[in-house]
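The structure appears right after this line, and notes come after that.
Any read-out appearing in this document is the output of simple, stated calculations on the displayed coordinates, not a laboratory observation. These numbers come from a predicted model, not from an experiment. So basically every Cβ, Gly included, is an ideal-geometry build from the backbone, and we count neighbours across all protein chains shown.
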């Protein structure tokens, strides 16, 4: 049973399109996150939700909108995709406080 | 926010060699984790170690919180150890999410 699962794992799309990445965790954790890993492998926090409430919103374009329907799910919607959005997006979860666990990542390629 | 520096940035080892990876951080922490990103891109938890020493097989880690550093030891390295090793820290005074270092890229050759 996968603890933190993301779909899709690969996404190839054209500039200007809108896309979503879904994330689910079955660990019973309170807090979920989205991280972005760029081409140089640097991992940077984008958003964090605790019990469906947004607690971190780093400097991310407002084309990115997270949605948490319940504490087990945190989805990422991206509008008007740009070339620079190409990256690997990782969902993660943790208890508060506690150890962070990542999903397998979703590789987004914008053409 | 809290700064995280990892060294060395790159490392090449022959199979069977030992190595030490270092993580320095700029403030007190209440969470520190080591991750291994394998060549397939998966981020694998190695240690949750805000202080003290832990061992797991050929890997061990030590965090000296008062001196603001952590070390990851890899003994008898294997080719499957190749990948990028990340240190990540959390300081609750400056945020609610782990801040990552830039990683150490390790290649173990046969």
Largest first and rounded to whole Å, the semi-axes √(5λ) derived from the alpha carbon gyration tensor of the range A:7-58 read 22, 15, 12
Tell me, in nm to one decimal, what length is gained between residue A:99 and residue A:65 on full extension, where the rule is 0.36 nm per residue of separation less the Cα-Cα distance?
9.7 nm
State the percent of C-alpha pairs, over all pairs in the protein assembly as shown, separated by a distance greater than 31 angstrom.
21 percent
Using distinct alpha-carbon pairs, which all enter the 1/r mean, Kirkwood radius of the range B:33-76 in Å
11.1 Å
Note: A:95-104 gets an average of partner chain Cβ contacts (10 Å, Cβ to Cβ) equal to 4
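Would you mind getting me the FRET efficiency between residue B:28 and residue B:73? Use the beta-carbon distance for r and R0 = 41 Å, nearest 0.05.
Details: r = 23 Å, r/R0 = 0.57.
Computed FRET efficiency for residue B:28 and residue B:73: 0.95.
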Could you tell me the convex hull volume per residue, in Å³, taken over the Cα atoms of chain B?
85 Å³
Could you work out the Kirkwood radius for the range A:70-111, taking every pair of different alpha carbons, averaging 1/r and inverting it, reported in Å?
12.2 Å
Ranked by Cβ crowding within 10 angstrom, fewest neighbours first, how are B:15, A:24, A:53, A:99 ordered?
A:53, B:15, A:99, A:24
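Apply the Kirkwood formula to the range A:12-97: the hydrodynamic radius equals the inverse of the mean of 1/r over all pairs of different alpha-carbon atoms; give it in Å with one decimal. Can you show the working numbers first?
Values: mean 1/r = 0.0755 Å⁻¹.
One decimal place: 13.3 Å for the Kirkwood radius.
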